[in-house]
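Scroll down for the structure; my scribbles are underneath it.
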Amino acid sequence: MKNLVPRFILEQVLQKNYAGDFSASAIFIDISGFTKMTQKLMETGKEGAEILSDIINEIYTPAIQTIYDWNGFITAFAGDAFTAVFPDKSSQPLFALNAASKIQHLFEQANRKNSRFEQFQLSAKLGVSYGNVRWKIIKSDCQNAYFFRGEAIENSVACEQNATAGEIVIDEKIAEIVGKSIEATRQTAPFYQLESCQHIEKPLVKWPAVSPELYNDFVPEPILNLNIKGEFRNIVSCFVAFHEDENFGQYLGEILNLSHSFGGYFNKIDFSDKGGNVLVLFGAPTGTEKMFARACDFALAVYSLKGFKTRIGMASGSAFTGFVGSQLRSEYTALGAVVNLSVRFMTQAEWGNIYIGQEIYRNIEKAYKAKCLGGIHCKGFAYEVPVYRLEQQRKTNLFFAGKLVGRKQELHERFLEMLTKL
């Protein structure tokens, strides 16, 4: 059984708790070299997908085991990065620092991954902080979702962004708590590079078993029943950014419903290094008829939500889709340059804009209005990338107007009404 939802969340569901907070240490881990490896293995077809799945398992299994050994758990995966939190206990900040040191040591020992096609070099940089963590479960008729956010996570991301490959960076807050239990070099305030920390005995950790039925509310059936570890698929990757005001939870529920209505997969809510955002995939885990039109209609529907301020980035192409993580904790997601490009579009778009890539534009230009904005520089891409601003459909009758796909009629009618006002 793949553990696709944090057991913390499942335990809260059993107790009928749907929001809360706690004090914790947090680690944000970013793996360098992952996208390059993914793109290279993509050229080799099915065998490359199998090799990539094996490498992912080799990388993530010992790292995740280390986190859980030290009484932490994974809150979210974000491409080639992930976040772990360690709920407050006696000596708890040292639990996180011991786990971080062990994970960095694992990467130093096994930073080269060999395949019959090429040798790949991977490295990690880690940020660690301490503070409040807030969590919430978003309930929906079609699929529940959850998120973790708060100062511990935000500050661990800031620490990671001040680290280079092979480094662990902590901030003043956690340094003051652990005091003389660490050796660290002062960087630009408030950051320190961790050199070593006092080794303490691992806690005795017992994770209670949970009923498999609890996953059904959070994970769509096609993913629960998916037998392959990973594959390369043509997808549309859609990132939706949002402001973190008092109403954003309500909008997340609406976005969740819309993603299902238009045949997308609501992958995750994330609060890591890109601010609050949602990832929705089209074309995975199963193929989607008229994928480009569905993705565009979804983006326009989100854009049209009353009172919701967003910026959206969408790109299409081949990506690795499958399970990232280990048997202890994993997630179904997509990896590759196309996913990175969609998040770059999201972060560079002005609020109130929908940016789409060239392949999407070529597939929808006759049915939608979109303006070419020229080329933009995107981190991780050696050339300027053409980008278009999606504005509206040319016609108000949706391509699936007579064939609703798992959608409530009132939502469908409301969206049609919004389109006529554009």
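The values are calculated or read from the model by the stated rules, or taken from the named source; none is laboratory data. Keep in mind the model is a prediction, meaning the values are calculated, not measured. Cβ: placed from backbone, ideal geometry, glycine included. Neighbour counts: every protein chain shown. For the accessible areas, the whole protein counts, side chains as well, though only heavy atoms, and no ligand, DNA or RNA atoms are used. Shrake-Rupley method; radii C 1.70, N 1.55, O 1.52, S 1.80 Å.
To the nearest Å, what is the center-to-center distance of region 94-155 and region 14-66, using C-alpha atoms only?
For region 94-155 versus region 14-66, the Cα centre distance is 8 Å.
Dipole magnitude of region 90-134 about its Cα centre, charges +1 at Lys/Arg Cβ and -1 at Asp/Glu Cβ only, in debye to the nearest 20? Can you show the working numbers first?
Numbers: 6 positive and 2 negative charges, 22 e Å.
So the magnitude is around 100 debye.
Would you work out which of TYR68, THR83, THR44 lies farthest towards the positive end of the dipole of region 36-95? Charges go on Cβ: Lys and Arg +1, Asp and Glu -1.
Ranked along the dipole, the leading option is THR83.
Which of the aspartates and glutamates could a cross-linker span from LYS206 if the Cα-Cα distance has to be under 20 Å and same-chain partners fewer than 8 positions apart are dropped?
Of all the aspartates and glutamates, those that pass the test against LYS206 - Cα under 20 Å, at least 8 places apart if same chain - are GLU11, ASP69, ASP88.
What's the extension gain from GLU213 to GLN358 if we count 0.36 nm per residue and subtract their Cα-Cα distance?
On the way: separation 145, 0.36 × 145 = 52.20 nm, distance 4.15 nm.
So the chain would gain 48.0 nm between GLU213 and GLN358.
Which whole-number percent gives the relative contact order of the chain, counting Cα pairs below 8 Å spaced six or more residues apart?
17 percent
Give the calculated FRET efficiency between GLU108 and GLU50 to the nearest 0.05, with a Förster radius of 25 Å applied to their Cβ-Cβ distance.
0.40
Could you list the trypsin sites (Lys or Arg not before Pro) in region 1-51 that lie in coil according to DSSP, counting only those with at most 15 other Cβ atoms within 10 Å of their Cβ?
LYS16
Please return the longest range in the chain lying between exposed loop sites, taking chymotrypsin sites (Phe, Trp or Tyr not before Pro), DSSP loop only, at most 11 other beta-carbon atoms within 10 Å, and leaving the sites out.
In short, 1-350.
Out of region 183-276, which GluC sites (Glu not before Pro) are coil in DSSP terms and have no more than 16 other C-beta atoms within 10 Å?
Of the GluC sites (Glu not before Pro), the ones in loops of region 183-276 whose Cβ has at most 16 other Cβ atoms within 10 Å are GLU201, GLU244, GLU246.
Find the centroid of the Cα atoms in region 184-212 and in region 271-286, then give the distance between the two in whole Å.
Centre-to-centre distance over Cα atoms comes out at 28 Å.
What net charge is computed for the residues neighbouring THR347, neighbours being all others with C-beta under 14 Å from the C-beta of THR347, Lys and Arg scored +1, Asp and Glu -1? Let's see the in-between values first.
Values: positive: LYS274, ARG311, ARG344, LYS379; negative: ASP270, ASP273, GLU350.
Summing Lys/Arg as +1 and Asp/Glu as -1 gives +1.
If you take the Cα atoms of region 140-247, find Rg, then find the Kirkwood Rh from the mean of 1/r over all pairs, what is Rg/Rh? Kindly include the intermediate steps, with their values, before the conclusion.
Details: Rg = 20.5 Å, Rh = 18.9 Å.
Here the Rg-to-Rh quotient is 1.08.
Which whole-Hz ³J(HN,Hα) couplings does region 239-245 yield from phi under the Karplus relation 6.51 cos²θ - 1.76 cosθ + 1.60, θ = phi - 60°, glycine and proline marked x?
So the Karplus estimates, Gly and Pro as x, are 9, 10, 8, 8, 7, 8, 8 Hz.
Between SER123 and LYS229, 0.36 nm times their residue separation minus their Cα-Cα distance comes to what?
Taking SER123 through LYS229 to full extension adds about 35.8 nm, to one decimal.
D for the chain, whole µm²/s, Stokes-Einstein with Kirkwood Rh over alpha-carbon pairs at 20 °C and 1.002 mPa s: what number?
On the way: Rh = 22.2 Å.
Approximately 96 µm²/s, per Stokes-Einstein.
Could you tell me the relative contact order of region 114-229? Use alpha-carbon pairs under 8 Å, at least six residues apart, and round to a whole percent.
On the way: 151 pairs, mean separation 26.0, N = 116.
After rounding, I find 22 percent.
Just to confirm the number: angle between the C-alpha axis of helix 151-161 and the first principal axis of the chain, 0 to 90 degrees, nearest 10?
Orientation of helix 151-161: about 90 degrees from the principal axis.
So which residue, out of GLN393, GLN327, GLN119, gets the largest mean-square fluctuation from a GNM of the chain using Cα contacts under 10 Å as springs?
GLN119
Whole-Hz ³J(HN,Hα) for each residue in region 278-291, computed from phi via Karplus 6.51 cos²θ - 1.76 cosθ + 1.60 with θ = phi - 60°, x for glycine and proline: what do you get?
Couplings: 10, 10, 10, 10, 10, x, 8, x, 10, x, 10, 4, 6, 4 Hz.
What FRET efficiency comes out for the pair ILE200/ALA367, r = Cβ-Cβ distance, R0 = 41 Å, nearest 0.05?
Working from the Cβ atoms, E equals 0.10.
If the elastic network links every pair of Cα atoms under 10 Å, which of GLN109, GLN193, GLN161 fluctuates the most in the Gaussian network model of the chain?
GLN109
On each of the three principal axes of the Cα atoms of region 1-89, give max minus min coordinate, whole Å, ordered largest first.
Principal-axis extents of region 1-89 (Cα, largest first): 47, 24, 21 Å.
May I ask you to list the trypsin sites (Lys or Arg not before Pro) in region 132-176 that are in a DSSP loop and have at most 15 other Cβ atoms within 10 Å of their Cβ?
For trypsin sites (Lys or Arg not before Pro) across region 132-176 that sit outside H, G, I, E and B with at most 15 neighbouring Cβ atoms in 10 Å, the list reads LYS139.
Quick one: if you stick a label point 7 Å off each Cα along the C-beta vector at GLU58 and GLU151, how many nm between them?
So the label points at GLU58 and GLU151 sit 4.2 nm apart.
Using Cα springs under 10 Å in a Gaussian network model of the chain, which residue among ASN234, ASN17, ASN277 shows the largest mean-square fluctuation?
The residue that fluctuates most here is ASN17.
Beyond 22 Å, what share of the Cα-Cα pairs of region 52-140 remains, rounded to the nearest whole percent?
Working: 1331 of 3916 pairs.
Counting pairs separated by more than 22 Å, the tail of P(r) holds 34 percent.
Near LYS173, which lysines are there with a Cα under 22 Å away, not counting those fewer than 8 places off in the same chain?
Qualifying lysines at Cα under 22 Å: LYS89, LYS102, LYS125.
With θ set to phi - 60°, apply the Karplus curve 6.51 cos²θ - 1.76 cosθ + 1.60 along region 257-262 and write out the HN-Hα couplings as whole Hz, x wherever there is a Gly or Pro.
5, 5, 4, 5, 4, 9
Provide the net charge surrounding LYS125, with neighbours chosen by a C-beta distance below 9 Å and charges set as Lys +1, Arg +1, Asp -1, Glu -1.
Values: positive: none; negative: ASP30, GLU160, GLU167.
After counting each charged neighbour, the total is -3.
Given the whole protein assembly as supplied and a 1.4 Å probe, what does the accessible area of GLU359 come to in Å², nearest 10?
Its accessible surface works out to 90 Å², give or take rounding.
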